Amino acid sequence: MPAEDVMPFVEGAAAIFGLICVRLFIRQHIWCWPTGLVQVLLYIAVFYHAKLYSDLILHVIYVIMQLYGWYNWLHGGRARSELRVTTLSVPRLGAWVGVGLLGTALWGWPMSLIGAAAPYPDAFTTVMSLIAQWLLTRKKLESWGFWIAVDVVAIGVYLYKGLHMTAGLYAVFLVLAVNGLIEWRRACAGEQVRAELPAGTSRRRAGEPYPALRLRTGRITD
């Protein structure tokens, strides 16, 4: 079967895995990483066929980052515990934005020389996605802000290239990224409240609901 006939099915499968992956990221579910790995491998084939070289290189790097993120979410916290959502300082956030813009300029120019489609918008999504994905492996709240910027530009690039299913997927990603930002902000606020409580503070005083109670042999237990 010609590649032109196969690619729509590959793109569709990648889109489905992508939606599942992002939803799992929002919920901070560890299965987001293996699901995302399948999506990445499928998109490597899609972007090779579409000659979107920046995206292809990006997704090859994603393979490594998916494996690292999987490990780091499980063991990247204190004493090799589960990683929690945290935020970047303002100077570090500004530095990452600067790196992203500079990287876009430096990467877009050589891409234009080899005939890549939409070299600078493509470079923007490549560089900013790398930053967003790295911050995601570190469970940084600001990763969702970078994903929002990537999704907006990516929708235009994929419409231009005729990848309508992928453009539609990224429109959904945009909505999910906004939702992810909201949900992770709540999670981060909860972590900060718990961190500021004095040692030995009860769950009730921390603003959490009473633990579930059950009756067992005449005793009430947690």
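Residues are listed down the side, and each one gets a yes or a no for (1) assigned to a helix (DSSP H, G or I); (2) over 17 Å from the mean Cα position of the chain (by Cα); (3) more than 20 Å from residue 42 (Cα to Cα):
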site	(1), (2), (3)
126	yes, no, no
144	yes, no, yes
149	yes, no, yes
153	yes, no, yes
158	yes, yes, no
168	yes, yes, no
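Applying the set (1) under 19 Å from residue 139 (Cβ atoms); (2) in a helix (DSSP H, G or I); (3) of a type outside the set (D, E, K, R) to residue 29 leaves exactly one unmet item: (2). Please verify whether the range 170-178 includes one or more residues that are among the hydroxyl-bearing types (Ser, Thr, Tyr), in a helix (DSSP H, G or I), within 18 Å of residue 20 (Cβ to Cβ) and at pLDDT below 95. Looking for residues that are among the hydroxyl-bearing types (Ser, Thr, Tyr), in a helix (DSSP H, G or I), within 18 Å of residue 20 (Cβ to Cβ) and at pLDDT below 95, one finds at least one in the range 170-178, hence yes.
The number of residues in the range 43-64 that are surrounded by fewer than 21 Cβ atoms within 10 Å (Cβ to Cβ) and either part of a helix (DSSP H, G or I) or touching a Lys or Arg at 6+ places or on another chain (Cβ under 7 Å) (or both) comes to 12. In the range 156-183, the residues that are in contact (Cβ under 8 Å) with a residue 40 or more places away in the chain and more than 12 Å from residue 117 (Cα to Cα) reach residues that are surrounded by 15 or more Cβ atoms within 10 Å (Cβ to Cβ) and among the aromatic types (Phe, Trp, Tyr) with C-beta atoms within less than 6 angstrom, at least six apart or across chains, in these pairs: 166/158; 177/144; 177/147; 180/144; 181/144. Considered as a group, the residues in the range 139-174 that are small (Gly, Ala, Ser) and in contact with a Pro (Cβ under 9 Å, 6 or more places away or on another chain) include one that is surrounded by the fewest Cβ atoms within 10 Å (Cβ to Cβ), and that residue is 156. Among the residues making up the range 117-138, a single one is surrounded by fewer than 20 Cβ atoms within 10 Å (Cβ to Cβ) and of a type in the set (A, V, I, L, M): 117. For residue 150, the stated conditions hold: it is in contact (Cβ under 8 Å) with a residue 24 or more places away in the chain and within 23 Å of residue 16 (Cβ to Cβ).
Of all residues in the range 74-116, count the ones that are part of a helix (DSSP H, G or I) and either at pLDDT 95 or above or under 22 Å from residue 56 (Cβ atoms) (or both). Result for the range 74-116: 24.
The values are calculated or read from the model by the stated rules, or taken from the named source; none is laboratory data. Keep in mind the model is a prediction, meaning the values are calculated, not measured. Positions of Cβ are backbone-derived with ideal geometry, glycine not excepted, and every protein chain shown enters the neighbour counts.
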